[in-house]
Amino acid sequence: MIDLLRRLLAPAPARLTEPDAQLALAALLVRIARTDGLYAAEEVERIDRVLAIRHGLDPFAAAKLRTEAEDVEAEAPDTVRFTRALKDAVPVEERAELMTALWSVALADGLREAHEDQLLRLVSNLLGLTDVDSALARQKAERA
């Protein structure tokens with residue numbers, strides 16, 4: 001965890017390894033879930049499901065990754081570095097899937113908060129996606 005944070009905080013962070021990219025994504029999912037001040041059980045379950053599906057993990061491994069990510073998220077200074085690191089680690093064609101995952105977590109508690117929308121707009125932009133891309137990802141997440 002400390003190694004990942006050190007790399008993210010470096011002036012010119014190196015491209016993340018696959019395990020670090022998984023952890024960074026998980027931490028960003030946790031940050032999105034915590035944005036509204038609540039960290040609902042539905043959001044935790046959704047994060048675990050996203051991680052299991054995206055990375056081919058069993059439920060125990062997904063929960064373990066999320067737990068590590070909760071610690072990383074609590075220590076991380078800003079969302080920008082996580083997102084930039086993910087942008088470098090994830091091919092452009094897969095970034096829309098990341099936005100769908102992020103929206104699915106934000107919407108898991110059944111509430112759509114203005115500050116969650118603002119954070120997701122920032123993240124979408126930092127991932128190199130447009131507002132339209134983000135809206136399509138949100139619609140996909142709502143249907144899932």
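Where a number appears in this text, it was derived from the coordinates with a stated rule and is not lab data. Since the model is a prediction, treat every value here as computed from it, not as a measurement. Ideal geometry is used to build each Cβ from the backbone, glycine not excepted, and the neighbour counts take in all protein chains shown.
Structure notes:
- Among the trypsin sites (Lys or Arg not before Pro) within segment 15-48, those in coil by DSSP and having at most 10 neighbouring Cβ atoms inside 10 Å are R15.
- Note on the chain: semi-axes of the ellipsoid equivalent to its C-alpha gyration tensor, largest first and rounded to whole Å, are 21, 18, 15.
- Loop trypsin sites (Lys or Arg not before Pro), segment 53-144, which have at most 16 other Cβ atoms in a 10 Å radius of their Cβ (DSSP): R112
- With contacts taken as Cα pairs under 8 Å at a separation of at least 6 residues, the chain carries a relative contact order of 30 percent.
- Each pair of Cα atoms in segment 60-117 enters the Kirkwood radius, and Stokes-Einstein at 4 °C and 1.567 mPa s then converts it into a translational diffusion coefficient of 98 µm²/s.
- Note on the chain: with charges restricted to the Cβ of Lys and Arg (+1) and Asp and Glu (-1), its dipole about the Cα centre is near 340 debye.
- Spin-label pair R121/T67, simplified geometry with 7 Å Cα→Cβ offset, distance in nm: 3.8
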